[in-house]
Amino acid sequence: MAVMMTRIHVEDFDAWKAMFDADQPGARAAATACRLFRTADDPNEVSIAVEFGSVADAEEARAKLVASGVLERVELRVAPTIVELAEAKTYA
């Protein structure tokens with residue numbers, strides 16, 4: 001599993017979310033899951049984690065996302081980064 005993670009600041013979450021859901025660049029076509037997080041102090045600060053079955057799929061998605069120009073519409077805090085799970089624990 002690979003995850004593409006990024007953090008952005010948007011002007012209006014609801015307007016941005018509609019654009020995100022449309023996925024015009026097709027960046028999530030091969031995704032297996034997606035999680036959106038909003039910062040408690042600023043709900044327009046959004047962290048995005050999109051899961052893929054492979055690093056290659058995640059890298060292809062990142063390339064589509066960057067080439068599409070959609071990131072130019074938001075304030076980019078952390079560029080799309082591909083990560084792999086190193087460890088997972090569950091606490092009761």
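All of the numbers you see were taken from the coordinates with simple rules; none came from a lab. Please read these numbers as outputs of a predicted model, since none were measured by experiment. Heads up, the Cβs are rebuilt from the backbone with ideal geometry, glycines too, and the neighbour counts pull from every protein chain shown.
Annotations
- Efficiency of FRET between Ala56 and Ala92 - r from beta-carbon atoms, R0 41 angstrom, step 0.05: 0.70
- Each residue in Val55, Val70, Val46 was given a count of other beta-carbon atoms within 10 angstrom of its own, and listing them fewest first yields Val55, Val70, Val46.
- Those chymotrypsin sites (Phe, Trp or Tyr not before Pro) in the chain that DSSP places in a loop and that have at most 16 other beta carbons within 10 Å: Tyr91
- The charge dipole of the chain, taken about its Cα centre with unit charges on the Cβ of Lys, Arg, Asp and Glu (plus for the first two, minus for the last two), comes to roughly 160 debye.
- Taking GluC sites (Glu not before Pro) in DSSP loop conformation with at most 15 other Cβ atoms inside 10 Å as exposed sites, the chain has its longest uninterrupted site-free stretch at 12-86.
- Counting every other Cβ atom within 10 Å of each residue's Cβ, Ser47, Ser54 order from fewest to most as Ser54, Ser47.
- Matching the structure-derived P(r) over Cα pairs in 5 Å bins from 0, in percent against the labelled list (1) 2, 13, 18, 17, 16, 13, 9, 6, 4, 2, 0, 0; (2) 3, 13, 24, 26, 18, 10, 5, 1, 0; (3) 3, 11, 19, 21, 18, 12, 7, 5, 3, 1, 1, 0 gives the label (2).
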